[in-house]
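The values are calculated or read from the model by the stated rules, or taken from the named source; none is laboratory data. Predicted, not measured: the structure shown is a model, and the values here were computed from it. A quick note on method: Cβ atoms are made from the backbone with ideal geometry, for glycine too, and the neighbour counts reach across all protein chains shown.
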Amino acid sequence: MGRSAAALLLAAVLGVGCASDAPPTVLDQTTRYGQPMSLPAPDTDGSVPLEQTLGQRRSQREYRERPLPLATVGQLFWAGQGITDAVGRRTSPSAGARYPLELFAVTPTTFIHYLPDGHRIEQRPDDTTLPALADVAFGQSFVSDAPVVLMIAGVQARTEAEYGAVAGDLMNREAGHAAQNILLQATALGLAVVPVGGFDPSDVARLAALPPGHEVLYLIPVGYPR
């Protein structure tokens, strides 16, 4: 990385700490899977202390064959990218408030896209993506064993418009922020969860029929522990 790019990256990373003081960038939602529907309001007054959640977090790969309620999936979405004030700031920080991340969930029957504005989702029928995810995740069978796999994707162009060549680095960092929020929320809910980075991003994007420009950054299988 050249000196100028490194300086820009440092400025952008420092800017993340100030992102809460800047109004979020208004960006169009580029994926449309049907009529949006509202989720139950997220629980913002949980009973499990943060320190206890941190101490209990573990990577778990065995799940019961029991579906997660939609409200629970919505709570995990909110933890990753939920809007937390009237201005539109979110649960995880974003350089320049560009918010390049998109959250999805894959179930045995449905593909779901989270819309942070209004805490809503849109969904389409899909009974093929979840069974095939293990194959594009290099044969990790537990990926397809989970009742839900959350997917974090990024649209680099959103951050690139402000930060140029370092946009990819910033987007990847933001995916880490959101993923950790989701892992901790799942732990607080008593769920089994694990972050997965071993997969072919292009194959996952093709399998999920994501629009051009969406790069898959994380898969997060989650379910009730066995």
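Could you list all residues from segment 116-160 that are among the hydrophobic types (A, V, I, L, M, F, W, C) and assigned to a loop (DSSP other than H, G, I, E, B)? It would help to see each step written out before you state the result.
From segment 116-160, those among the hydrophobic types (A, V, I, L, M, F, W, C) are 121, 130, 132-134, 136-138, 142-143, 146, 148-153, 155, 157; that's our starting set.
Passing the criteria: A137, F138, A146.
Sort out which residues of segment 93-114 are closer than 28 Å to D145 by Cβ and surrounded by fewer than 22 Cβ atoms within 10 Å (Cβ to Cβ), and write them in order of number.
Restricting attention to segment 93-114, the residues satisfying the condition of being closer than 28 Å to D145 by Cβ are 101-114.
Within segment 93-114, T107, P108, T109, T110 meet the criteria.
If you scan segment 137-179, which residues turn out to be of a type in the set (A, V, I, L, M, F, W, C) and surrounded by fewer than 19 Cβ atoms within 10 Å (Cβ to Cβ)?
Filtering segment 137-179 for residues of a type in the set (A, V, I, L, M, F, W, C) gives 137-138, 142-143, 146, 148-153, 155, 157, 161, 165-167, 170-171, 175, 178-179.
Residues satisfying the conditions are F138, F142, A157, A161, A165.
Among (1) out of contact with any helix residue (DSSP H, G or I) (no Cβ under 7 Å at 6 or more places or on another chain); (2) at pLDDT 55 or above, where does V26 come up short?
Failed condition: (2).
Among T91, T84, which is the only one that is under 20 Å from Q156 (Cα atoms) and of a type in the set (V, I, T)?
Values: T84 fails: under 20 Å from Q156 (Cα atoms).
On inspection, the qualifying residue turns out to be T91.
Under 8 Å between Cβ atoms, at least 6 apart or on separate chains: pull out the pairs that start in segment 130-149 with a residue that is under 19 Å from F77 (Cβ atoms) and end on any residue that is modelled with pLDDT of 95 or more and among the polar types (S, T, N, Q).
Hits for this filter: L130/T107; L130/S144; L133/S144; P147/T107; V148/T107.
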